[in-house]
Amino acid sequence: MKQQANTLGTSKVWVQMHEATDAAVSFVAGIVSAVYQGLSAVVTKMQISRMESVLHRMSDAELAQAGITRAEIKGHARFLVNYTYDGL
């Protein structure tokens, strides 16, 4: 029995479509990941800025109670925002 000419071509088309779909999904996932990372970095910077603002509004006595100086505010704000609590 003879095979039709388009039978072999059809399977190649499906393979090519599958590969193209995989490439498109990978491309879109990369873009989504980059956008997410960018937005995450912006949000983190905003949180650090707000924390610095709160600490700058504190009096020297309140800062001393917290164990930091005015010179340490930027580093302490970054620590507070980025700190990950791992439980007890």
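Any idea which residue in segment 1-51 is modelled with the lowest pLDDT, counting only those that are part of a loop (DSSP other than H, G, I, E, B) and of a type outside the set (D, E, K, R)? Quick ask: steps written out before the conclusion?
Looking only at segment 1-51, we keep the residues that are part of a loop (DSSP other than H, G, I, E, B), and these are 1-4.
Going one step further and asking which of them are of a type outside the set (D, E, K, R), we end up with 1, 3-4.
Working: MET1: 51, GLN3: 54, GLN4: 55.
In this case the residue turns out to be MET1.
Can you pull out every residue in segment 58-73 that is aliphatic (A, V, I, L, M) and assigned to a helix (DSSP H, G or I)? Spell out how you get there, then give the answer.
Narrowing segment 58-73 to residues aliphatic (A, V, I, L, M): 58, 61, 63-64, 66, 68, 71, 73.
If the condition is that a residue be aliphatic (A, V, I, L, M) and assigned to a helix (DSSP H, G or I), then ALA61, LEU63, ALA64, ALA66, ALA71, ILE73 are the ones that fit.
In segment 50-67, what count of residues is obtained for those that are surrounded by 12 or more Cβ atoms within 10 Å (Cβ to Cβ), charged (D, E, K, R) and over 16 Å from ASN82 (Cα atoms)?
Total meeting the criteria: 0.
The values are calculated or read from the model by the stated rules, or taken from the named source; none is laboratory data. Everything numeric in this text was worked out from a predicted model, so none of it was measured. A quick note on method: Cβ atoms are made from the backbone with ideal geometry, for glycine too, and the neighbour counts reach across all protein chains shown.
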